[in-house]
Amino acid sequence: EHGTLLYVSYSKGFRSGAFNSQGYFFPQDVSQVDPETLNAYEVGFKAELLDNSLQLNGAAFSYDYNNQQVLDVDAATLSQFLVNIDSSKIQGAELELTSRPIEPLTLRAGLGWIDTEVREGLLTSIGQDLKGNELPAAPKVNFNLSLDYELPLGNVGDLLLHMDTNWSDDHYHNINNSVSQESYWLTNARISFEPIDASYTVALWVKNVEDKVYKTYSIDLQALGWDYNHLGAPRTAGIEATLRF
């Protein structure tokens with residue numbers, strides 16, 4: 001059987017109030033924040049097409065936050081405050097595609113768009129008005145693609161080939177939008193062998209094939225003359241073996 005499913009959903013989320021666990025340096029850093037609430041709206045579809053060889057899913061969503069809890073780092077003193085942002089909004093859309101154009105090959109692709117905005121909020125450390133700022137870790141566009149190919153080796157077993165790649169748009173790493181990451185691609189590959197009885201698997205893999213340098217997290221410390229950055233893993237490769245009893 002195949003067809004199309006349409007859906008509409010609404011949910012309300014809640015995060016309890018909290019104390020700042022990152023008050024490392026000064027007593028005034030140990031602050032308290034109010035509970036955070038979220039109203040989430042979503043419409044979408046799931047469709048199976050071409051005799052189930054193609055599946056297409058899509059969704060559009062809107063999230064309204066009240067008292068969103070964020071970390072505020074004072075670049076001059078290294079103080080870290082947990083604060084509430086009065087009002088913020090996320091809206092976006094996404095498409096997901098899974099296809100088997102031929103029996104040994106499976107293709108998966110995804111495309112997402114997201115727009116974020118602080119509607120009302122103030123940073124405690126420097127009194128900065130955040131209205132109009134983007135939320136952290138929210139690239140406007142993201143894309144992913146993966147390919148899996150199963151190559152039969154007769155009575156010996158199967159050779160499995162896998163490749164995936166994803167692209168992330170520019171995005172900020174903090175709520176005051178002072179440190180960011182430029183857009184980048186990441187690509188991974190894997191080849192594995194599995195005998196006909198599936199008693200073991202041997203695989204070779206490479207992650208971050210192009211050896212991209214990218215930041216996963218940053219803290220603005222320009223008042224001290226530098227930024228604190230977490231870098232993503234460089235190119236890595238390995239051999240993996242799995243035994244099944």
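The values are calculated or read from the model by the stated rules, or taken from the named source; none is laboratory data. Please read these numbers as outputs of a predicted model, since none were measured by experiment. Backbone-built Cβ (ideal geometry, glycine too); neighbour counts: all protein chains shown. Calculation scope for accessible area: heavy atoms of the full protein, side chains included, ligands and nucleic acids excluded. Shrake-Rupley method; radii C 1.70, N 1.55, O 1.52, S 1.80 Å.
Using 0.36 nm per residue of separation minus the Cα-Cα distance, give me the extension gain between Leu224 and Ala203 in nm, one decimal.
Length gained, Leu224 through Ala203: 2.9 nm.
Counting Lys and Arg as +1 and Asp and Glu as -1, each charge on the Cβ, what is the dipole of region 182-245 about the Cα centre in debye, to the nearest 20?
In total the dipole reaches around 100 debye.
Under a point spin-label approximation (7 Å from Cα along Cα-to-Cβ), what is the Met163-Lys215 distance to one decimal in nm?
Those two pseudo-labels are separated by 3.1 nm.
In the chain, carbon and sulfur make up what percent of the accessible area (probe 1.4 Å)?
The C+S portion of the solvent-accessible surface of the chain is 56 percent.
Taking the Cα centre of region 64-205 as origin and charging only Cβ (+1 Lys, Arg; -1 Asp, Glu), how large is the dipole, in debye to the nearest 20?
Its charge dipole is roughly 60 debye.
At 0.890 mPa s and 25 °C, plugging the Kirkwood radius over alpha-carbon pairs of region 174-245 into Stokes-Einstein gives what diffusion coefficient in µm²/s?
Estimated diffusion coefficient is 160 µm²/s.
Which entry is the computed Cα extents along the principal axes in Å for this structure: (1) 70, 42, 35; (2) 71, 39, 33; (3) 47, 42, 29?
Correct label, based on the coordinates given: (1).
Please find, in a Gaussian network model of the chain (springs between Cα atoms separated by less than 10 Å), the residue of Trp113, Trp205, Trp226 whose mean-square fluctuation is greatest.
Evaluated over the chain, the most mobile residue of the options is Trp226.
Using +1 on the beta carbon of Lys and Arg, -1 on that of Asp and Glu, and nothing else charged, what's the dipole of the chain about the Cα centre, debye to 20? Walk me through the intermediate numbers first.
Numbers: 15 positive and 33 negative charges, 45 e Å.
Computed charge dipole of the chain: roughly 220 debye.
Name the residue from Ser183, Leu49, Ile239 whose Cα lies farthest towards the positive end of the charge dipole of the chain, charges +1 on Cβ of Lys and Arg and -1 on Cβ of Asp and Glu.
Ile239
Give a residue-ordered list of calculated ³J(HN,Hα) values for region 196-210 (Karplus: 6.51 cos²θ - 1.76 cosθ + 1.60, θ = phi - 60°; whole Hz; x for Gly, Pro).
Going residue by residue, I get 4, 8, 6, 6, 7, 9, 10, 9, 10, 9, 9, 10, 6, 3, 8 Hz, with x marking Gly and Pro.
Output the relative contact order of the chain, whole-number percent, from Cα pairs under 8 angstrom with separation of 6+ residues. Present the calculation step by step, with values, prior to reporting the outcome.
Working: 656 pairs, mean separation 28.8, N = 245.
Once normalised by length, the contact order is 12 percent.
Give me the 1.4 Å probe accessible area per residue for the chain, excluding ligands and nucleic acids, in Å².
Per-residue accessible area for the chain comes out at 59 Å².
Cα convex hull of region 33-168: how many Å³ per residue?
Enclosed volume per residue, from the Cα hull, is 159 Å³.
Taking the Cβ of Glu120 as the centre, find all other residues whose Cβ is under 15 Å away and add up their charges (Lys, Arg: +1; Asp, Glu: -1).
Neighbour charge sum, excluding Glu120 itself: -4.
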